[in-house]
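*Asks:* Handing you this structure, nothing more for now.
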Amino acid sequence: MFLKNKKQINKRFLSYSLAINEAVYQMMSKNKSVFVIGQGVKSPWYVGNTCRDLLKKFGPKMVMDTPISENVTTGVGIGAGMVNMKPIVIFPRMDFMMYALDPIINEAANWHYMFGGKANADVVIRAIINRGGEQGAQHSQALQSLFTHIPGLKVVMPATAYDAKGLMISAIRDPNPVIYIDDRWLYDVKDHVPQKIYSVPIGKGAIRKIGKDITIVAISYMVKEALIAAAELRKQKIDAEIIDLRSAWPIDIPLIIKSVKKTGRLLITEAAWSSGSISSEINSQIARQSFKYLKAPIERLCLPDCPAPVSKILEQAYYLTSKDVIKKVKNILNYV
Amino acid sequence: MTKSKYSKSFLLKLYQQMLEIRLFEESLIEPILSGEIKTPCHLYTGEEAVAVGVCAALNKKDYAFGNHRSHGHYLAKGGDLKALMSEIFGKSTGCSRGRGGSMHIIDKKAGFLGATPIIAGTVPLAVGTALALKIKKKNRLTVTFFGDGATAEGVISEAFNFSALHKLPILFICENNLYATHMPITESLANPKIYLQPKTYGIKSVRADGNDVIKVFETAKKMITQIKKHKGPAFIEFLTYRMRGHVGPDDNIQGTHTDIRKSREIEVWKKRDPIKKMEKFLIKNKFLDQSKIKKNYQKINKKIEQAKTFSRHSPYPKKNELLKYVFKK
């Protein structure tokens, strides 16, 4: 409940996972073309409670649990989206999405451009990052940067329950292929989620905390850690501004520039590998466009460039917490 | 082929469609060799009976997807000839507004929903449109054209399983032209009897002569009846042969006569030319004579030349529109 404030008292709170669930449920009720397809969509073991009641309400035709055939399943979703259906293709573990790179990258992402705007791949592809718990290399990966690299794809990564619902609704309404990435480590996060259907714009970040000393751009799960770090830093008289990126592509560069103009310092944090990533893209763009405002080099806090380990001692060394954010912020502030 | 149970007009339509595809393809050779056309063209010469026979069995509203060698599929499904020519010339009047070239072509009005050159790449998309038809309870179907090479891709097996599992209205058309790019089928597939592959999924599947347009039409018609009756997919392997290279007029390197195929093999298949075969049949039935044939060639060649002139005079896409169409607004 890290976003709770006075204004939100007496408002309805919902968990991140149930916010996703509500968005899909409401959009399926409203629009008969919306359907869900993917492996394990009827199994809470796979998808948590994000698909709760969907099968019961809409039946197996609109909530299709599939064989372990990621390539065809994704292609089927994309194809259906070409003829006035609105599929939500679900990957309970993002790692398995690698079998589906052809339909996503070669077909869906290029579809509108390569046919000169005559057709489009109207599809949401939802991928779950399912890390931790000693799952190791092939069940823990956060691979968003593969998709932000590709022209024609939009990539959203909500960090709050409010955005989890609003971005899902926007993704469903968007006529382009949208990769919607949610992180299991956020499923129990609760904040204010209106009951009505509302949208959160794709490509717009949000300031989660106003500050003047340093800008922290955080993505997905790291927003939560950055806010915990900011509260701790405040006690030490360090006032950090926290930007929740919300969309990994398009990136809200103007929002970041505006903040960096004020703070002169930038930390980008993402629970994914640093090399060739969204954070390196932000780093590059801000270094070029805001060079004259910077008082210190831009820093990044990302996962070490190695596969996810299993042993809990190594896992602790691998994943990031608010403590790592605090340490990094202090380093930047100590730069002379 | 002996006496016909079909009307003269229907048979002449099949013949003319095949001829139009043939002459369209052959008209590209000179500009390819001169360098006027740069986009890689995988010519359909020799395989016309498959596209024409199958599309004659479809309704206009049925969907079709193609592959890298799809000029024939596009035209047979009713795609606009001028727009195809312009696309190959890279012009803004092209069916993909000069962003697609020969390998990325579309005509949604004709139900031709797209051809792309990643082998088997459009097959799962086609299955998806069949799923959409089933969900929306439309009495229509999707046909997906691919080659023998595509059946070595894993997603084909996934597509068989998925479409059979969900009983989807899809007709898989495999054009077995004996070569997967440069690779003879015997070096590419452990079992070259491709039609056996889908049988293991319970899919109705047959092999047929792909150079006899009437047989193609009849086989497709029969399999479409199966699809509608059994509410599930069907598969046809058509045996055929490409008379030109994998890409361009000759194999491997355009214009340098590096064809890897045995000349004897080519001679055998030349005798099975689907257009010559149909011509003979029509003459025998007195639906066609030499003067009509000549007139036909002239008429079609004129249409193609007009399309070329139109394409040559059409503007290129504007440079400042390079980024247009990355996203749909």
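The values are calculated or read from the model by the stated rules, or taken from the named source; none is laboratory data. In this text the structure is predicted, and so the values were computed from the model without any measurement. No Cβ is skipped: glycine too gets one built from the backbone with ideal geometry, and neighbour counts run over all protein chains shown. Ligands, DNA and RNA are stripped out before the accessible areas are found, and what is left, the full protein with its side chains, is counted by its heavy atoms. Shrake-Rupley method; radii C 1.70, N 1.55, O 1.52, S 1.80 Å.
*Asks:* Among the residues of segment B:180-202, are any within 14 Å of another protein chain (Cβ to nearest Cβ) and either modelled with pLDDT of 95 or more or assigned to a helix (DSSP H, G or I) (or both)?
*Replies:* Scanning segment B:180-202 turns up at least one residue that is within 14 Å of another protein chain (Cβ to nearest Cβ) and either modelled with pLDDT of 95 or more or assigned to a helix (DSSP H, G or I) (or both).
*Asks:* I'd like the residue in segment A:149-182 that is within 20 Å of residue A:110 (Cβ to Cβ), open to solvent by 10 Å² or more (accessible area, probe 1.4 Å) and out of contact with any Lys or Arg (no Cβ under 9 Å at 6 or more places or on another chain) and, out of all such residues, is nearest to the other protein chains (Cβ to nearest Cβ).
*Replies:* So the residue we want is A:151.
*Asks:* Taking the stated definitions as given, is residue A:237 open to solvent by 70 Å² or more (accessible area, probe 1.4 Å) and either among the hydroxyl-bearing types (Ser, Thr, Tyr) or assigned to a helix (DSSP H, G or I) (or both)? Even if it seems obvious, please write down each step before you answer.
*Replies:* Numbers: open to solvent by 70 Å² or more (accessible area, probe 1.4 Å): yes; either among the hydroxyl-bearing types (Ser, Thr, Tyr) or assigned to a helix (DSSP H, G or I) (or both): no.
Against the criterion (open to solvent by 70 Å² or more (accessible area, probe 1.4 Å) and either among the hydroxyl-bearing types (Ser, Thr, Tyr) or assigned to a helix (DSSP H, G or I) (or both)), residue A:237 does not qualify.
*Asks:* Take segment B:99-129 and flag every residue that is touching a residue at least 60 places away in the same chain (Cβ under 8 Å), within 8 Å of chain A (Cβ to nearest Cβ) and assigned to a helix (DSSP H, G or I).
*Replies:* Of everything in segment B:99-129, those that are touching a residue at least 60 places away in the same chain (Cβ under 8 Å), within 8 Å of chain A (Cβ to nearest Cβ) and assigned to a helix (DSSP H, G or I) turn out to be B:125, B:126, B:129.
*Asks:* Working only within segment A:72-97, note down all residues that are assigned to a helix (DSSP H, G or I) and among the aromatic types (Phe, Trp, Tyr).
*Replies:* Result: A:96, single match.
*Asks:* Now, a different point. Taking the stated definitions as given, is residue A:225 open to solvent by less than 70 Å² (accessible area, probe 1.4 Å), of a type in the set (D, E, K, R) and part of a helix (DSSP H, G or I)?
*Replies:* In short, yes.
*Asks:* Condition check: more than 16 Å from residue B:170 (Cα to Cα), at pLDDT below 95 and open to solvent by less than 50 Å² (accessible area, probe 1.4 Å). Does residue B:212 satisfy that?
*Replies:* Criteria not met by residue B:212.
*Asks:* Only one of these is of a type in the set (Gly, Ala, Ser) and in a helix (DSSP H, G or I): A:127, A:100, A:121. Name it.
*Replies:* A:100
*Asks:* Ok, one more. Every residue in segment B:56-102 that is among the polar types (S, T, N, Q), farther than 11 Å from residue B:311 by Cα and surrounded by fewer than 23 Cβ atoms within 10 Å (Cβ to Cβ), please.
*Replies:* B:59
*Asks:* While we're on this one: Among the numbered criteria (1) part of a helix (DSSP H, G or I); (2) of a type outside the set (Val, Ile, Thr); (3) away from chain B (no Cβ under 13 Å); (4) touching a Lys or Arg at 6+ places or on another chain (Cβ under 8 Å), which single criterion is violated by residue A:112?
*Replies:* Among (1) part of a helix (DSSP H, G or I); (2) of a type outside the set (Val, Ile, Thr); (3) away from chain B (no Cβ under 13 Å); (4) touching a Lys or Arg at 6+ places or on another chain (Cβ under 8 Å), the lone unmet condition for residue A:112 is (3).
*Asks:* To continue, here is another question. Kindly check whether there is at least one residue in segment A:73-85 that is more than 8 Å from every other protein chain (Cβ to nearest Cβ) and open to solvent by 10 Å² or more (accessible area, probe 1.4 Å).
*Replies:* No; the residues of segment A:73-85 include none that is more than 8 Å from every other protein chain (Cβ to nearest Cβ) and open to solvent by 10 Å² or more (accessible area, probe 1.4 Å).
*Asks:* Are there any helices (runs of 4 or more DSSP H) wholly within segment A:253-321 with 3 or more residues that are closer than 18 Å to residue A:242 by Cα and modelled with pLDDT of 95 or more, and if so which?
*Replies:* The qualifying helices (runs of 4 or more DSSP H) are A:253-263, A:278-289.
*Asks:* Assess whether residue A:96 counts as being more than 7 Å from every other protein chain (Cβ to nearest Cβ), aromatic (Phe, Trp, Tyr) and surrounded by 23 or more Cβ atoms within 10 Å (Cβ to Cβ). Explain how you work it out, then say what you get.
*Replies:* Details: more than 7 Å from every other protein chain (Cβ to nearest Cβ): yes; aromatic (Phe, Trp, Tyr): yes; surrounded by 23 or more Cβ atoms within 10 Å (Cβ to Cβ): no.
In short, no.
*Asks:* Another question about this same structure. Just to check your reading of the model, which residue among A:195, A:144, A:138 is touching a residue at least 40 places away in the same chain (Cβ under 8 Å) and within 30 Å of residue A:239 (Cβ to Cβ)?
*Replies:* So the residue among A:195, A:144, A:138 that is touching a residue at least 40 places away in the same chain (Cβ under 8 Å) and within 30 Å of residue A:239 (Cβ to Cβ) is A:144.
*Asks:* Which one of these is touching a residue at least 40 places away in the same chain (Cβ under 8 Å) and among the aliphatic types (A, V, I, L, M): A:253, A:219?
*Replies:* Values: A:253 fails: touching a residue at least 40 places away in the same chain (Cβ under 8 Å).
Step by step, each of A:253, A:219 is checked, and only A:219 is touching a residue at least 40 places away in the same chain (Cβ under 8 Å) and among the aliphatic types (A, V, I, L, M).
*Asks:* Looking at this structure, is residue A:213 buried (at least 21 other Cβ atoms within 10 Å of the Cβ) and in contact (Cβ under 8 Å) with a residue 12 or more places away in the chain?
*Replies:* No, not satisfied.
*Asks:* For the list (1) open to solvent by less than 10 Å² (accessible area, probe 1.4 Å); (2) more than 12 Å from the chain's Cα centre (by Cα); (3) over 19 Å from residue B:300 (Cβ atoms); (4) more than 12 Å from chain A (Cβ to nearest Cβ), I need the number of the one condition that residue B:50 fails.
*Replies:* In the conditions (1) open to solvent by less than 10 Å² (accessible area, probe 1.4 Å); (2) more than 12 Å from the chain's Cα centre (by Cα); (3) over 19 Å from residue B:300 (Cβ atoms); (4) more than 12 Å from chain A (Cβ to nearest Cβ), residue B:50 misses (2) alone.
*Asks:* Is it the case that some residue within segment B:155-169 is open to solvent by 10 Å² or more (accessible area, probe 1.4 Å), more than 11 Å from chain A (Cβ to nearest Cβ) and more than 27 Å from residue A:87 (Cα to Cα)?
*Replies:* no
*Asks:* Next up: Out of all the residues in segment B:140-148, is one or more over 16 Å from the mean Cα position of the chain (by Cα), without any contact (Cβ under 8 Å) to a residue 60 or more places away in the chain and within 12 Å of chain A (Cβ to nearest Cβ)?
*Replies:* So far as segment B:140-148 goes, no, none of its residues is over 16 Å from the mean Cα position of the chain (by Cα), without any contact (Cβ under 8 Å) to a residue 60 or more places away in the chain and within 12 Å of chain A (Cβ to nearest Cβ).
*Asks:* Moving on. Do you know which residues across segment A:44-70 are within 22 Å of the chain's Cα centre (by Cα) and open to solvent by less than 50 Å² (accessible area, probe 1.4 Å)?
*Replies:* Step one: of segment A:44-70, the residues within 22 Å of the chain's Cα centre (by Cα) are A:44-52, A:70.
If the condition is that a residue be within 22 Å of the chain's Cα centre (by Cα) and open to solvent by less than 50 Å² (accessible area, probe 1.4 Å), then A:47, A:48, A:50, A:51, A:70 are the ones that fit.
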